[in-house]
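The values are calculated or read from the model by the stated rules, or taken from the named source; none is laboratory data. Since we're looking at a predicted model, the values are computed, not measured. Cβ: placed from backbone, ideal geometry, glycine included. Neighbour counts: every protein chain shown. Ligands, DNA and RNA are stripped out before the accessible areas are found, and what is left, the full protein with its side chains, is counted by its heavy atoms. Shrake-Rupley method; radii C 1.70, N 1.55, O 1.52, S 1.80 Å.
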Amino acid sequence: MNPELARYIQRRERILDKVRTILVERLHVSRAPDEIDPDAPLFGTGLGLDSVDAVELLVSMESELGVKLPHEGLSRPAMRTVNTLVDLALAHGRTDDVDG
Amino acid sequence: MSMDDEIRALRTSVALAAGDHVTCLRIEGEGAYEALDHVVACDLFLQDGQMRPSLLLDEEARPFADIHVARDDESFFLLAEGPSPEELVAFLEKRFPVGVDATVERCDGTLLSLHGPYAWELCTAVLGPDVGSLPYLAFYRADDAVFFRSGKTGEYGYDLLIPTGEIETVRESFLREGAAFDLALASLPALEQCALENGFFNIRREGRAGLSPLELGLQWRVSYRKEYVGSAALRARREAGAKARVVWAVAGAPVAEGDEVFLDERRIGHVLVSGFSVIRGEWVALLLLDRPHAHAGIDRYEVQSAGERRPIRTVSAPLINNRSLYVSPQRHSYRHRDEARMPPFVLSL
């Protein structure tokens with residue numbers, strides 16, 4: 001595999017693992033990490049988060065992955081699925097937290 | 001009206017559709033909970049008036065039906081897509097535990113569905129505020145009608161079970177009141193294209209590919225904490241590890257179901273479903289990729305289609321930044337909408 005692609009996939013997988021950990025440990029989603037599929041919806045009956053969880057989720061994304069929303073308008077599209085959170089972290093998170 | 005116009009209406013105003021691809025059943029009796037709990041793949045922790053999306057699996061853990069299960073006091077509604085009504089009833093009656101008191105009846109009435117960012121407003125105009133203000137995944141009964149708030153398009157969605165004798169009157173009311181909403185009639189292919197764009201499971205397409213919830217990314221719809229039809233096979237598949245997983249993708253050129261996906265010269269999967277998105281202005285597809293390659297955000301894959309290699313880019317679902325995210329029944333109306341203030345349908349994070 002192309003080294004650049006391999007690095008991207010490795011980085012994406014590590015962020016995905018961190019997002020799953022946030023969901024289980026900070027948001028108390030009662031699922032094992034491997035049950036949380038990348039495109040699982042976060043709210044409604046997906047993983048069952050609610051509006052209170054949304055605040056905690058943003059706080060955790062910032063503390064754990066350095067994510068700072070560039071503007072308020074991104075919060076809704078970024079918090080739809082596990083994968084949109086990963087996209088958010090890749091675009092607006094720290095770059096040094098997933099190499100080790 | 002073309003399918004493109006149907007989809008544009010569904011994404012920007014309201015669309016009315018027939019619900020004859022959905023079967024509504026009612027499960028009653030002292031053992032209704034026990035019987036359903038044995039066949040439905042999710043935990044049945046539902047309050048009265050709540051509903052939840054899940055699956056009926058076969059013994060090999062493949063989806064048999066795409067369902068919403070709704071609790072109505074000690075009884076349940078089951079809204080199901082996939083099998084015919086007769087196949088569905090036979091599936092349930094064969095698999096309900098022996099000796100449990102539960103009956104399965106087809107619901108009286110005909111289903112209509114309404115979808116769109118202003119569907120709530122048209123529902124309020126025709127059926128009253130109790131329907132228009134229903135929370136997501138809840139239902140409301142009025143006389144002989146039942147109104148479910150669900151949807152598989154990413155927009156406000158309502159499934160309306162109307163007594164068959166009243167269906168034409170209700171339909172005419174929607175058409176009359178809907179004129180002020182630029183109401184369109186949506187076909188099943190238009191609903192399915194919208195479902196694909198929003199990452200909703202389609203039992204008639206990828207649901208017939210012989211995959212389990214593991215490969216389909218539907219573990220959030222199933223439980224690993226109880227026994228039900230297909231649960232043993234699902235656990236065995238999970239322990240063995242899924243070798244492939246679905247991923248969404250976009251492409252500038254047509255891609256077709258069955259086209260193979262490549263990374264350089266290595267085949268890494270194939271196209272399960274595809275369709276042109278008039279909203280995105282490009283093709284959207286659901287791929288089944290080998291697990292190591294099944295990730296969003298990659299633009300190095302290609303599809304072998306019509307004798308040539310075509311670039312494809314994997315993306316996260318949903319693929320549409322739905323208007324319904326930004327339309328609030330407390331603050332907005334179709335009449336006073338301001339298209340210029342709406343965010344774009346395709347938004348890069």
Q.
Just to verify a result, which residue in the stretch B:289-339, among those that are open to solvent by 80 Å² or more (accessible area, probe 1.4 Å) and part of a loop (DSSP other than H, G, I, E, B), is nearest to the other protein chains (Cβ to nearest Cβ)?
A. B:ARG300
Q: For A:THR84, state whether it is surrounded by 18 or more Cβ atoms within 10 Å (Cβ to Cβ), modelled with pLDDT of 95 or more and at the interface with chain B (Cβ under 7 Å from one of its Cβ atoms).
A: yes
Q) So A:VAL24 fits all but one of (1) outside any helix (DSSP H, G or I); (2) closer than 20 Å to B:SER223 by Cβ; (3) not acidic (Asp, Glu); what number is the exception? A) (1)
Q: Would you please list the contacts, defined by Cβ atoms under 6 Å and residues six or more apart or on different chains, that run from a residue in the stretch B:255-277 that is closer than 13 Å to B:HIS293 by Cβ and among the basic types (Lys, Arg) to a residue that is surrounded by fewer than 19 Cβ atoms within 10 Å (Cβ to Cβ) and modelled with pLDDT of 95 or more?
A: B:ARG267/B:GLU260
Q.
Go through (1) of a type outside the set (Val, Ile, Thr); (2) farther than 18 Å from B:GLY297 by Cα; (3) in a helix (DSSP H, G or I); (4) more than 7 Å from chain B (Cβ to nearest Cβ) for A:LEU69 and report which single condition fails.
A. (3)
(Q) Being under 19 Å from B:SER316 (Cβ atoms), within 12 Å of the chain's Cα centre (by Cα) and basic (Lys, Arg) narrows it down to one residue among A:ARG80, A:ARG76; which is it? (A) A:ARG80
Q) Given the residues B:PHE276, B:PHE262, which is the only one that is of a type in the set (Phe, Trp, Tyr), open to solvent by less than 30 Å² (accessible area, probe 1.4 Å) and more than 30 Å from B:LEU36 (Cα to Cα)? A) B:PHE262
Q: Give, as residue ranges, the strands (runs of 3 or more DSSP E) completely inside the stretch B:127-214 that count at least 3 residues that are not aliphatic (A, V, I, L, M).
A: B:138-142, B:145-149, B:157-162
(Q) I need a count of the residues in the stretch B:47-78 that are open to solvent by 10 Å² or more (accessible area, probe 1.4 Å), free of Cβ contacts under 8 Å to residues at least 60 places away in the same chain and within 14 Å of another protein chain (Cβ to nearest Cβ). (A) 2
Q: For A:GLU4, work out the one condition from (1) open to solvent by less than 50 Å² (accessible area, probe 1.4 Å); (2) of a type in the set (Asp, Glu); (3) more than 7 Å from chain B (Cβ to nearest Cβ) it doesn't fulfil.
A: (1)
Q | Counted residues, the stretch B:261-304 - those being out of contact with any strand residue (DSSP E or B) (no Cβ under 8 Å at 6 or more places or on another chain) and either of a type in the set (A, V, I, L, M, F, W, C) or more than 20 Å from B:ARG245 (Cβ to Cβ) (or both) | A | 5
Q. Is it the case that A:ARG12 is open to solvent by less than 40 Å² (accessible area, probe 1.4 Å) and either in a helix (DSSP H, G or I) or touching a strand residue (DSSP E or B) at 6+ places or on another chain (Cβ under 9 Å) (or both)?
A. yes
Q.
Can you pull out every residue in the stretch A:42-66 that is surrounded by 14 or more Cβ atoms within 10 Å (Cβ to Cβ), within 12 Å of chain B (Cβ to nearest Cβ) and in contact with a strand residue (DSSP E or B) (Cβ under 8 Å, 6 or more places away or on another chain)?
A. A:LEU42, A:PHE43, A:THR45, A:GLY46, A:LEU47, A:LEU49
